[in-house]
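The values are calculated or read from the model by the stated rules, or taken from the named source; none is laboratory data. For clarity, every value in this text was computed on a predicted model and none was experimentally measured. Every residue, glycine as well, gets a Cβ built from its backbone with ideal geometry; the counts of neighbours run over all protein chains shown. These area figures cover heavy atoms from the full protein model, side chains too; ligands, DNA and RNA do not enter into them. Shrake-Rupley method; radii C 1.70, N 1.55, O 1.52, S 1.80 Å.
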Amino acid sequence: MAFGTYARSVRDERFPLVRRHAALRCAVGDYGPLGFNATWAYLSTTACPTPDLRRDSAALLRALATLEESRAAHLAEMDAFAARRRVEKAVGRRTPRASDTATLRFPRWPSSAPPSRLGLIAAVANRHSAFQRIPYPDETLSPDIEVRRLANLHARLEGCAASYLKALGRLDRRAAAELTDTVHGIRNLGRPGYSPLNMYLLPWLRFANLLTYAVDVSLAIEH
């Protein structure tokens, strides 16, 4: 089913709350700009003051409205991108710029207003817990990489996340630069094509990209 069908089910008060709740989760599965779990955490938090989406119909509708507003902004951006690409192709530019496709490759909350700081904190906290449960890569997966480098980058990313959460979504530019350097270091450890090591590093990067976005939003709002 399509996003609109799920949205109608969420709004249909003839359905029991458990079915409407399940429909919202399906809608997030169809459109989850931060990833499913992070998007769900964002919506649950921004549905305040009563974020229990399983038992509160009003909170459920608030969460849906937030998701729909973001999706509408995303679709508008995609329409503008498509129009721009038609013009660029007409003048011979066949390949889009990396900056044009960044919104498709990295987590981001499209919206006509700045994203919710509390929502992003909840999203990062959710994925931080998952990051802490990711199995640590065995050094035998890539003998040319020193275990110390892996341990150092893992500890640095953990430290950046802990600092962000402790500061309630606020990091100074020095700490943000530390995060950028850490992400760059993790990316440099990746291997082209299939590599067992990538199975560990890619989840690190997904979390790091979400944290980077949340930090960038915080810095933009404060400045």
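Observations, loosely collected:
- For region 15-46, the candidate set comprises residues that are hydrophobic (A, V, I, L, M, F, W, C) and under 17 Å from ALA125 (Cα atoms); within that set, the residue that is surrounded by the fewest Cβ atoms within 10 Å (Cβ to Cβ) is PHE36.
- Among the criteria (1) in a helix (DSSP H, G or I); (2) over 26 Å from LEU210 (Cα atoms); (3) open to solvent by 40 Å² or more (accessible area, probe 1.4 Å), the one MET78 does not fulfil is (2).
- Test: ALA59 is surrounded by 15 or more Cβ atoms within 10 Å (Cβ to Cβ), in contact with a Phe, Trp or Tyr (Cβ under 7 Å, 6 or more places away or on another chain), more than 28 Å from ALA208 (Cβ to Cβ) and modelled with pLDDT of 90 or more: no
- ARG71 being free of Cβ contacts under 8 Å to residues at least 40 places away in the same chain, open to solvent by 20 Å² or more (accessible area, probe 1.4 Å) and among the basic types (Lys, Arg): no
- Test: residue in region 85-100 that is at pLDDT 90 or above and touching a Pro at 6+ places or on another chain (Cβ under 7 Å): no
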